[in-house]
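All remarks here apply to the structure that follows.
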Amino acid sequence: MQAGRICRRDSELKVMSDPAKKTDSRLLVTVSIEEMESIVHRAVVTALKATPRDDKLLTVEQVCEILNATDEWVYHNAKKLPFVRKIGGMLRFSSNGLQRYIESRKFTTT
C-alpha cells in the first residue's frame, strides 16, 4: 500500500498520495432563463442597495484642492466634466462623481 491518506467515497477506496493536494471545486449547474434572470435581478438590487447615496456637493475651491488644479482650469473644463451640477447659477461638483473620474483617469497618459 502507498503512503498517504485513505478516503472512502461512493463505496470506493482511494489512496491519496498527496494529502495536501487540492481538489477541483468547479461544479456544472444548469439553470433556466427565468432562474438566471432572478439571480441577476437579486444581485443588481443588492448592489444598488449597497451603493452609497450620501453624495456631497463640492465647491470649485474644494475641487481645485482635490485635483490640484486652478479655478480657471475647473471653470474652463466644467462642461466636459461628468460630475458638474449647476445649482442656482453656481457650479457644484458631485463628490462621488469626482472620485469615479479620478479612478478612471489614474493610469491614462495625457
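Give me the distance in nm between label points sitting 7 Å out from Cα along the Cα-to-Cβ direction at Q62 and E34, one decimal.
4.9 nm
Over 21 Å between C-alpha atoms is what I'm after, so list which of K56/K79; K80/K106; K86/K106 land there.
On the way: K56/K79 19 Å; K80/K106 18 Å; K86/K106 26 Å.
Going by Cα-Cα distance, K86/K106 fall outside the 21 Å limit.
Once you place label points 7 Å from the Cα toward the Cβ at N96 and L48, how far apart are they in nm?
Calculated label separation equals 1.2 nm.
Using only alpha carbon pairs under 8 Å that are at least six residues apart, calculate the relative contact order of the stretch 57-105 and give it in whole percent. Walk me through the numbers before you get to the answer.
Numbers: 41 pairs, mean separation 19.0, N = 49.
Dividing the mean separation by the residue count of the stretch 57-105 yields 39 percent.
What is the gain in length, in nm to one decimal, between A78 and R105 on full extension, counting 0.36 nm per residue of separation less the C-alpha to C-alpha distance?
Working: separation 27, 0.36 × 27 = 9.72 nm, distance 1.63 nm.
Between A78 and R105, full extension yields 8.1 nm more.
Where the convex hull is taken over the Cα atoms of the stretch 57-105, what is its projected area averaged over directions, in nm²? Don't skip to the answer; put the middle values down first.
Values: hull surface 12.3 nm².
The number I arrive at for the stretch 57-105 is 3.1 nm².
Starting from the amide H of R85, placed 1.01 Å from N in the peptide plane, find each other amide H under 5 Å away whose residue is 5 or more places distant or on another chain.
For R85, whose amide H was placed from the backbone, the distant partners under 5 Å are R92, F93, S94.
Coordinate-derived values only; no laboratory data. Since the model is a prediction, treat every value here as computed from it, not as a measurement. Using ideal geometry, Cβ is built from the backbone for each residue, glycine included, and neighbour counts are taken over all protein chains shown.
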